[in-house]
Each structure stands twice: as structure tokens, then as C-alpha cells.
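Working notes, beginning with the structure itself.
Only the coordinates and a few stated rules stand behind these numbers; no lab work does. It should be emphasised that the depicted structure is a prediction, and the values quoted were computed from it without experimental measurement. In this analysis, Cβ positions are derived from the backbone assuming ideal geometry, glycine residues included, and neighbour counts consider all displayed protein chains.
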Amino acid sequence: MKISANRIREFVSGARKRDEFVISKVAFIREQDGPSESSFKSSILPMLRRHEVGRSYLALTQYDGSSEFHVALCFSDSKSTELLVNEVMELFRTQFNREDHLDILFLNDLQQKEIERVCAPFYIRELTQ
């Protein structure tokens, strides 16, 4: 099942339930990075390879002109989505506090260009010949 680029998956670490919502506009503010984020990014690398994700970003975002900030794990060119989301959520749950939340966004081409203006990918799939 391919998830629309305008659908956000929100996951709260302490909850078993996740929410899905639709946005009309996402603003990418900057890369989200620090010691815990770096550890998380390193931990998900095997998943990204297994699911053939093209690029991955961890970004601070805003949606639909809101003043609220959200941390979003953003993927481009992923071959699988639902299983990847489930695996990421399980890992996130083990590494972060119950109150922490993470949004998951599958980028369209325009969003990928926008995010690259403010955030470097922490993962780029190696192409084999």
C-alpha cells in the first residue's frame, strides 16, 4: 500500500495507536539532529536498506501554516510503506520517552526538492550495478 505524500503518520512513543492525517502544505524548517536523533538514525539504517528507501531525512516541520513544530522522518522512493512504518514505530518506542512523537512522511518530488534546501539526507541508498 503506497501512502500519499500528503498523509502524515503520527506516532507517540508511549501509545500503541498511531494517527494518520492529511495536510495540504508542509514547511521543512531544518534538520533535526542531536545525540538521541543520531542514535535513532543509526539504528534504522538496516531497515532503510531492507525496504529499499531512496533517501531519508529527519526534519523539523510545520504543517498547513501552523505555528507548531513537528519532527518528521521523511522517506523518498520507498518500495514498501506499511511494514516500514510499523518497524520504525517499534524502534522509536524503544528509544524515546512516552511523550515523544514522530511523524512519518513519504515525500513527493516537489517535497524532496524543498527538504533538500534545508536538510541533508542522513541516508542515501547505494545503487548497485
When L73, L45 are ranked with the fewest other C-beta atoms within 10 Å first, the list becomes L45, L73
Name the long-range amide H neighbours of V26: under 5 Å, sequence gap of 5 or more, or other chain; modelled H, no Pro or chain starts.
D64
Could you give the C-alpha radius of gyration of the stretch 53-129 expressed as a fraction of 2.2 N^0.38 Å, taking N as the number of residues it contains?
1.16
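Cut-off is 10 Å between beta-carbons; in what order do L84, L91 appear when sorted fewest neighbours first?
Sorted ascending by nearby Cβ count, the order is L91, L84.
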Trypsin sites (Lys or Arg not before Pro) restricted to DSSP loop in the stretch 70-109 with at most 16 other C-beta within 10 Å:
K79, R98
